[in-house]
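Every read-out reported here was derived from the displayed coordinates using simple, explicitly stated rules and does not represent laboratory data. As the structure is a prediction and not an experimental result, all values here were calculated from the model. Quick reminder, even Gly has a Cβ in these numbers, built from the backbone with ideal geometry, and neighbours come from all protein chains shown.
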């Protein structure tokens, strides 16, 4: 059965000590070390892919040759309704000024959880119209694989 995004929650944790933490590094973080990011509107994509490697076009070949390159964890944009005093949003804004990736946890409405480490590379406020809610967009660059934990 299909699931909806309603009820999904994003939490930000402490700085990661390595670029690609194991699941145990995430589950060792407890209690108030995880700060919920309030007013989550959109999370974007999460997952892994590889870079495409293209061999130069050669005059004596009819096709371009393509190969699978190194793994690239990718990036995503997180959109939230702007809440200037929210601890989760403040932690993400502060992370823009650091070089260390943060630990994150994304909890779905069915209880399944995905953990990942990411650099917060930007935090931009959006105020587009008189009848629009002010938003903040955070650009995240994943630094390793996504660890998953099934719903209990």
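So if I take the alpha carbon set of the stretch 1-59, get Rg, then get Rh from the Kirkwood formula, what is the Rg over Rh ratio? Each step should come with its number before you reach the end.
Values: Rg = 18.3 Å, Rh = 15.6 Å.
That ratio is 1.17, to two decimals.
As a rough guide to protection, the peptides 17-28, 96-107 ranked by mean Cβ packing within 10 Å, highest first, stand as 96-107, 17-28.
Between residue 130 and residue 97, what is the spin-label point distance in nm, taking each point 7 Å from the Cα along the Cα→C-beta axis? That separation, rounded to one decimal, is 3.6 nm. Packing, taken as the mean count of other beta carbons within 10 Å per residue, orders the peptides 123-129, 133-139 from highest to lowest as 133-139, 123-129.
Taking the convex hull of the alpha carbon positions in the chain and averaging its projected area over all directions gives 13.3 nm².
Whole-Å semi-axes of the stretch 55-124's equivalent ellipsoid, largest first, each the root of 5 times a Cα gyration tensor eigenvalue?
Working: eigenvalues 295, 56, 27 Å².
Computed over the stretch 55-124, the values are 38, 17, 12 Å.
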